[in-house]
Amino acid sequence: MKKLLAGLLVLLVLAAGALHFLHLDSLLWHAWRLGAQPSQASGLQLDDYQVDLEGVQIAGLDDDVSALTYNSESQTLFAVLNGEPLLVELSLSGELLRKVRVQGVQDMEGLTHVVGNRYVVAEERSQRLLVLDVPPDVSVIDVAGAPSLTIGLDLNGNKGFEGLSWDGRTQRLLVVKERDPLRVLSVTGFVDARVGEPLAVQIQELKSPGSPRLFMHDLSSLSMHDETGHLLLLSDESHMVVEYDKAGEPLSLLGLWRGMSGLQRTIPQAEGLAMDEQRRLYLVSEPNLFYRFVPGN
């Protein structure tokens, strides 16, 4: 019966032309939820989140902000620019705190904090991953000699690695490829590799491109929530963030179009995603817009 109701829901909304803020991706999500078994995990309940900082321009940045990560030790956010080779530090309200010029990189898209001053960045086109040390007092770093790994999977130009997230619970690096096909990868044995010791790098696909539980046209970022072990996937084209549990089952959805979660306008091009200890969700959108969502009561 639930599957029948789910099918009827999609047909009715499509026949009516849908409301202006509904996406087909969202309809597929809700149709799946109607037919799915109830989950025992409470999850983050993204459906209840509300925006409390919307479309704040990051003063001092004119280029495209791409990728976002939260550093729990400094309690600040870090992002990269995919035009000018800059790594920037932001306050939790989107204020620019400092710029760090990164020499020797091209087309940075992914970024994640690991521990201390250690970060990993990704170049989209070359699919090169770099481990960087970013002390709090530097303004310039050079990647020459930095540990790196080039994967070169489905090389197709500007549709490569878009997002990174460090899973501290299992010591693995999570990577998303934008599309054609979209992929979610797990990389172990690279970030924590020691000089002079044998390498044991393993790359595993967490979700296949044809997974019926990927409700998105593309993947622009991701974030692992260590407390729950749940994965958040962000899609720019589908305007949504989807939460997945440890078994890979979708639990909740945050819509990024006008009328959802208190948004006055659809987020134009969401590129980066991060979450702090208070479960506040942060997004950046090209060229330099900052958003913050807070859990519902």
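The values are calculated or read from the model by the stated rules, or taken from the named source; none is laboratory data. From a predicted model like this one, the values you see are computed outputs, not experimental measurements. Cβ atoms come from the backbone with ideal geometry, glycine included; neighbour counts cover every protein chain shown. Ligands, DNA and RNA are stripped out before the accessible areas are found, and what is left, the full protein with its side chains, is counted by its heavy atoms. Shrake-Rupley method; radii C 1.70, N 1.55, O 1.52, S 1.80 Å.
Here are some notes:
- Area accessible to solvent at residue 260, 1.4 Å probe radius, in Å²: 50
- FRET efficiency, residue 211 to residue 47 (Cβ-Cβ, R0 25 Å, nearest 0.05): 0.70
- Principal axis dimensions, the stretch 235-275 - Cα atoms, whole angstrom, descending: 34, 19, 19
- Per residue, the stretch 223-297 exposes 34 Å² of accessible surface when a 1.4 Å probe is rolled over the protein heavy atoms with every protein chain present.
- The fraction of Cα-Cα pairs per 10 angstrom bin, counted from 0 for the stretch 90-140, comes to 22, 53, 24, 1 percent, rounded to whole percents.
- Each Lys and Arg Cβ is given +1 and each Asp and Glu Cβ -1; about its Cα centre, the stretch 160-257 then shows a dipole of about 240 debye.
- For the residues 150, 266, a 1.4 Å probe over the protein chains yields an accessible-area ranking, largest first, of 150, 266.
- Normalised by residue count, the stretch 86-190 yields a Cα convex hull volume of 112 Å³ per residue.
- Per residue, the solvent-accessible area of the stretch 63-213 (1.4 Å probe, heavy atoms of protein chains only, all protein chains present) comes to 44 Å².
- Percent carbon-and-sulfur accessible area, the stretch 187-280, ignoring ligands, DNA and RNA, probe 1.4 Å: 45
- The stretch 41-295, dipole about Cα centre (Lys/Arg Cβ +1, Asp/Glu Cβ -1), debye to the nearest 20: 340
- 14 Å tail of the calculated P(r), the stretch 59-134, as % of Cα pairs: 56
- Ranked from largest to smallest solvent-accessible area, with a 1.4 Å probe on the protein heavy atoms, 118, 98 come out as 118, 98.
- Sorted largest first by accessible area at a 1.4 angstrom probe radius, with every protein chain in place, the residues 237, 89 fall in the order 237, 89.
- The share of Cα pairs per 10 Å bin across the stretch 165-287, counted from zero up to the longest distance, runs 12, 42, 32, 11, 2, 0 percent.
- Summing charges over neighbours of residue 267, with a neighbour being any other residue whose Cβ is under 13 Å away from its Cβ, gives -2 when K and R count +1 and D and E count -1.
- Intensity falloff of the stretch 41-295 expressed as log10 I(q)/I(0), Debye formula with alpha-carbon point scatterers, at q = 0.10, 0.11, 0.17 Å⁻¹: -0.43, -0.52, -1.36
- The solvent-accessible area of residue 97, taken with every protein chain present and a 1.4 Å probe, is close to 90 Å².
- Solvent-accessible surface (1.4 angstrom probe) belonging to residue 151, in square angstrom, nearest 10: 40
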